[in-house]
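What follows is one structure encoded as structure tokens, with my remarks underneath.
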């Protein structure tokens with residue numbers, strides 16, 4: 001018994017240091033300096049003209065610039081190709097709100113260089129639904145009522161089709177090309193995060209509490225996703241959405257970030273797998289109908305982190321840290337590349 | 001006497017009108033939509049199967065016992081499972097940009113009531129979205145998709 005007292009004291013000291021505001025501030029500044037030169041983040045955000053454009057910025061939030069400048073249209077759902085040289089996104093009519101459940105099939109699919117220039121439409125309204133880049137950028141995987149389709153990126157022709165097996169939104173092709181992630185209705189929860197073999201169509205659940213916005217780690221073996229707080233769901237409440245990660249076979253689930261009072265969505269892992277971007281908003285679903293949510297960045301190695309007071313969460317996760325978390329500007333569904341974009345003057 | 005005559009005349013007129021009243025014409029939406037048309041009793045509403053959620057659309061799976069088959073090859077007395085889009089809404093208000101071709105006159109789902117419905121099958125070929133299925137793992141086969149739902153006599 002006595003031997004555990006020094007360990008407990010040491011733990012208290014460590015926790016106090018981790019929660020100390022001055023320490024956290026310094027750690028956050030160090031995190032910003034660490035990521036500043038690691039490529040670019042693209043994200044949709046409201047402009048001063050109140051439309052949604054695509055912006056890029058350094059991962060520390062600096063050098064923010066508008067790369068679409070289309071006051072008569074809204075842009076959303078930007079995805080860098082895996083080599084970071086091209087950008088896939090959707091262009092909507094100015095009056096159309098971005099729908100948190102439907103953004104992957106709204107408007108017209110567009111492709112451009114990663115600096116936003118040379119933009120061209122890849123089809124009409126609703127075409128290439130939930131399109132996701134293949135590993136070599138030569139194909140897209142798409143998801144519709146008809147199934148999962150693989151489309152030649154240069155010709156637009158469907159090369160093969162799989163049954164969708166319950167997948168219904170947020171399709172993402174894994175970096176190694178072997179798997180697809182998505183949200184499925186076939187595992188007993190209305191919104192399960194699941195994995196599909198891109199060759200056979202075979203599926204497995206990754207998490208069956210209400211989940212969404214899955215994304216891949218660069219090794220294609222783990223996934224990150226938003227997970228509704230299971231205890232609240234059991235009580236019939238919607239709960240605050242948290243960021244979790246797990247092996248793609250569903251094993252080893254671990255909390256990444258949670259905060260009472262903010263819904264955490266849109267997790268996107270950095271190309272080296274060391275950091276994660278996400279959005280957090282007091283409004284459900286990231287509030288795309290209004291201004292979007294403040295984005296944030298943290299080290300995966302610092303997980304789990306609990307933000308804010310979150311007394312219940314801290315009791316549930318006594319070893320969680322309080323930071324560092326880098327707060328970034330308002331945006332929605334960010335995407336990160338390490339490719340060095342060169343901008344025309 | 002005049003009052004008696006007036007009352008008798010009024011009664012006879014009412015009887016004539018009542019006898020002349022034709023049964024309500026069947027809703028053409030039921031006979032022209034979907035591939036199956038049934039009258040079925042809603043067996044139950046499991047806890048948590050229907051709830052109001054503004055931001056997230058979903059389909060709720062409900063259990064029915066078929067009492068009459070108007071179109072299609074179902075058997076009377078069969079137990080079937082039917083997916084209704086956003087079941088917390090009156091059917092006339094359920095259609096939206098994502099699911100345009102659904103509707104009906106049913107205002108609220110109540111256990112034990114009879115519904116006349118036009119259905120599609122399998123549900124998976126007609127609906128893309130979240131499904132709240134309290135019968136998951138307990139039922140076999142694909143659910144039907146409710147296209148049009150009216151209360152039945």
Could you grab me the full set of residues in the range A:308-341 that are without any contact (Cβ under 8 Å) to a residue 60 or more places away in the chain and buried (at least 22 other Cβ atoms within 10 Å of the Cβ)? none
The number of residues in the range A:181-193 that are within 12 Å of chain B (Cβ to nearest Cβ) and part of a strand (DSSP E or B) is 4
Of the residues that make up the range B:64-79, is at least one surrounded by 15 or more Cβ atoms within 10 Å (Cβ to Cβ) and within 14 Å of chain A (Cβ to nearest Cβ)? no
Can you find even one residue in the range B:131-145 that is outside any loop (DSSP other than H, G, I, E, B), touching a strand residue (DSSP E or B) at 6+ places or on another chain (Cβ under 7 Å) and at pLDDT 95 or above? yes
Can you tell me which residue in the range A:204-254 is farthest from the other protein chains (Cβ to nearest Cβ), limited to those that are at pLDDT 95 or above and touching a helix residue (DSSP H, G or I) at 6+ places or on another chain (Cβ under 9 Å)? A:217
Within the range A:175-188, which residues are buried (at least 23 other Cβ atoms within 10 Å of the Cβ) and free of Cβ contacts under 8 Å to residues at least 60 places away in the same chain? A:180, A:182, A:183, A:184, A:185
Taking the range B:119-152 as the region of interest, how many residues are under 11 Å from the mean Cα position of the chain (by Cα) and within 16 Å of residue B:42 (Cβ to Cβ)? 7
In the range A:127-180, residue nearest to residue B:132 (Cα to Cα) [restricted to those that are within 14 Å of another protein chain (Cβ to nearest Cβ) and assigned to a loop (DSSP other than H, G, I, E, B)]: A:166
When you go through (1) within 11 Å of another protein chain (Cβ to nearest Cβ); (2) assigned to a loop (DSSP other than H, G, I, E, B); (3) over 15 Å from residue B:64 (Cα atoms) one by one for residue B:124, which number turns out not to apply? (2)
Just to be sure before I move on: is residue A:56 buried (at least 21 other Cβ atoms within 10 Å of the Cβ) and more than 26 Å from residue A:340 (Cα to Cα) in the structure I sent? no
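The values are calculated or read from the model by the stated rules, or taken from the named source; none is laboratory data. This is a predicted model, so every value here is computed, not measured. Positions of Cβ are backbone-derived with ideal geometry, glycine not excepted, and every protein chain shown enters the neighbour counts.
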